[in-house]
1. For VAL276, which of the numbered conditions (1) of a type in the set (A, V, I, L, M, F, W, C); (2) part of a loop (DSSP other than H, G, I, E, B); (3) under 30 Å from ARG319 (Cβ atoms) fails to hold?
2. Regarding region 150-157, can at least one residue be identified that is modelled with pLDDT of 85 or more, in the same structural domain as SER38 (by TED's automatic domain parsing), touching a helix residue (DSSP H, G or I) at 6+ places or on another chain (Cβ under 6 Å) and β-branched (Val, Ile, Thr)?
3. Checking the structure you have, find out if any residue of region 129-150 is buried (at least 16 other Cβ atoms within 10 Å of the Cβ), assigned to a loop (DSSP other than H, G, I, E, B), of a type outside the set (A, V, I, L, M) and touching a residue at least 40 places away in the same chain (Cβ under 8 Å).
4. How do the pairs read when you match residues in region 252-270 that are among the acidic types (Asp, Glu) with residues anywhere that are surrounded by 14 or more Cβ atoms within 10 Å (Cβ to Cβ), using Cβ under 7 Å and keeping only pairs 6 or more apart or on different chains?
5. If I go through region 184-200 residue by residue, how many of them are of a type in the set (A, V, I, L, M) and surrounded by fewer than 19 Cβ atoms within 10 Å (Cβ to Cβ)?
6. For region 300-329: of the residues being in a loop (DSSP other than H, G, I, E, B) and among the polar types (S, T, N, Q), which is farthest from ILE275 (Cα to Cα)?
7. Could you list, in sequence order, all residues of region 175-192 that are closer than 16 Å to ASN245 by Cα and either out of contact with any helix residue (DSSP H, G or I) (no Cβ under 6 Å at 6 or more places or on another chain) or free of Cβ contacts under 8 Å to residues at least 40 places away in the same chain (or both)?
8. If you check ASP84, ASP89, ASP69, which single one turns out to be in a helix (DSSP H, G or I), modelled with pLDDT under 90 and surrounded by fewer than 20 Cβ atoms within 10 Å (Cβ to Cβ)?
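The values are calculated or read from the model by the stated rules, or taken from the named source; none is laboratory data. The model shown is predicted, which means the values in this text are computed figures rather than measured ones. Heads up, the Cβs are rebuilt from the backbone with ideal geometry, glycines too, and the neighbour counts pull from every protein chain shown.
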Amino acid sequence: MKNLYEHTDILILGSGINAMVCVAFCKKYNLSFRLLASSAGLVSRNRHFTITQTTEEILKNLELWKESDEKEHGYFNSIQILDDNGAIDLEFNNSINSEVPMAWVVKEKLLSTHLGKLLKKEEHCFSALRILKNDQEGIAVEDQSNNIYKASLMLITENFEIDVGEFKVKEQRVRKYSQFALVGDLIAEKFHNNVALQWFTKEGILALLPTQDSHGYSVIYSRNKDIEVSNNSLSLNLLPISLINKHVGKIVSFDNLATYELLEKWRTLVHDNSIVWLGSAAFSFHPLAGQGLNFAIKNIDRLFSHVVHQKDYTNPIARQICLKNFNKVVMNDATRLISFINLIKNYFDESNENCKFLLKFLLKLFNKSSNLKKFAVKAAS
């Protein structure tokens, strides 16, 4: 027997941070919604996110970020970009507003738990989902228990296997980086002084992000696939220990190690005026810029503020125009971000010594220009 649920404005697929931000926007704008989460659960990696000032403001406006919780997070006011020998090629400081952090360093599990408590979200779990209807009027999906959910718009915030049936949906495009990410929590001998460190080495890109512990760092090491690594073979020896010791002193501990393959993913966001992909379901970037979650939340804000919240949103033709513009703006931003990330990565990957010498010279010129650095910090935040 089929169970037909009442039609809602929004159907949200997901259980992670991006899904919870969508829930908060629905509540802010008094939109009816239903949250569907996979019964398999979300794979939560042991990692930290960088939260920029723009993302912080969005979360504050949704009442999802409180100053009283900031003591649980790390932050940095300066970023140093270093070479193989530990020399500083670039240094960014928060010269725009020194009273606030350039970015927060927040543990994924902590943020997810915190948002879940604030929202008190009610989930409907599914193990299988298929599309019954998908047109300009809206969408209808059915789960494995014959529950049918209908909405004007479905937001997919995570990668799910969905039976699309007769409806043609464009696949997400995937490109493999020749790197894997090694993440973990490091305690060092010296104080971090709220300075983030990043090295571009022959083996890969290493970032140390200061946590709430005055000696603690979140480690993100994007290492070239010159060795075979699994979660059973992880060790401290995979890191460039001599570089770390030179800047932060001896390593006291390195815990919660994990690894995952680095992939670049992107897709067209809007399908048939009734489906929008967001978050990891839409894009995945190289972690060297730390922009994945910030980019996702920025686009969720765009979607609700400039599309869903419009008075004529319920009109299929008006909604189609708004969603088309939203897709164009986001895809242009994503193209620029991916191009920038790949440009930086490829330059530092370049084996030609002449290219490296030229790059180092240009970086030194850039480092002397306070105006250029202010522009870069503002763009990143």
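1. With (1) of a type in the set (A, V, I, L, M, F, W, C); (2) part of a loop (DSSP other than H, G, I, E, B); (3) under 30 Å from ARG319 (Cβ atoms) applied to VAL276, the lone miss is (2).
2. The initial filter retains those residues of region 150-157 that are modelled with pLDDT of 85 or more, namely 150-157.
With in the same structural domain as SER38 (by TED's automatic domain parsing) added as a condition, the list becomes 150-157.
Still in the list and also touching a helix residue (DSSP H, G or I) at 6+ places or on another chain (Cβ under 6 Å): 155-157.
This time we only want the ones that are β-branched (Val, Ile, Thr), so: 156-157.
Yes, that holds for at least one residue.
3. Applying the first criterion (buried (at least 16 other Cβ atoms within 10 Å of the Cβ)) to region 129-150 yields 129, 131, 134, 138-143, 147, 149-150.
Then drop every residue that is not assigned to a loop (DSSP other than H, G, I, E, B), which leaves none.
No: zero hits.
4. ASP255/GLY184; ASP255/ASP185; GLU261/PHE180; GLU264/TYR177; GLU264/SER284; GLU264/PHE285; GLU264/HIS286; GLU264/ILE338
5. The first filter runs over region 184-200 and keeps only residues of a type in the set (A, V, I, L, M), leaving 186-188, 195-197.
Narrowing the set further to residues that are surrounded by fewer than 19 Cβ atoms within 10 Å (Cβ to Cβ) leaves 187, 195.
Going through region 184-200 one residue at a time, the tally reaches 2.
6. Restricting attention to region 300-329, the residues satisfying the condition of being in a loop (DSSP other than H, G, I, E, B) are 309-315.
Okay, now just the ones that are also among the polar types (S, T, N, Q), so 310, 314-315.
On the way: GLN310: 17, THR314: 14, ASN315: 15 Å.
Restricting to residues being in a loop (DSSP other than H, G, I, E, B) and among the polar types (S, T, N, Q), the top hit is GLN310.
7. Of the residues in region 175-192, the ones closer than 16 Å to ASN245 by Cα are 185-192.
ASP185, LEU186, ILE187, GLU189, PHE191, HIS192 - these are the residues of region 175-192 that are closer than 16 Å to ASN245 by Cα and either out of contact with any helix residue (DSSP H, G or I) (no Cβ under 6 Å at 6 or more places or on another chain) or free of Cβ contacts under 8 Å to residues at least 40 places away in the same chain (or both).
8. On the way: ASP84 fails: in a helix (DSSP H, G or I); ASP89 fails: in a helix (DSSP H, G or I).
Unique residue meeting the criteria: ASP69.
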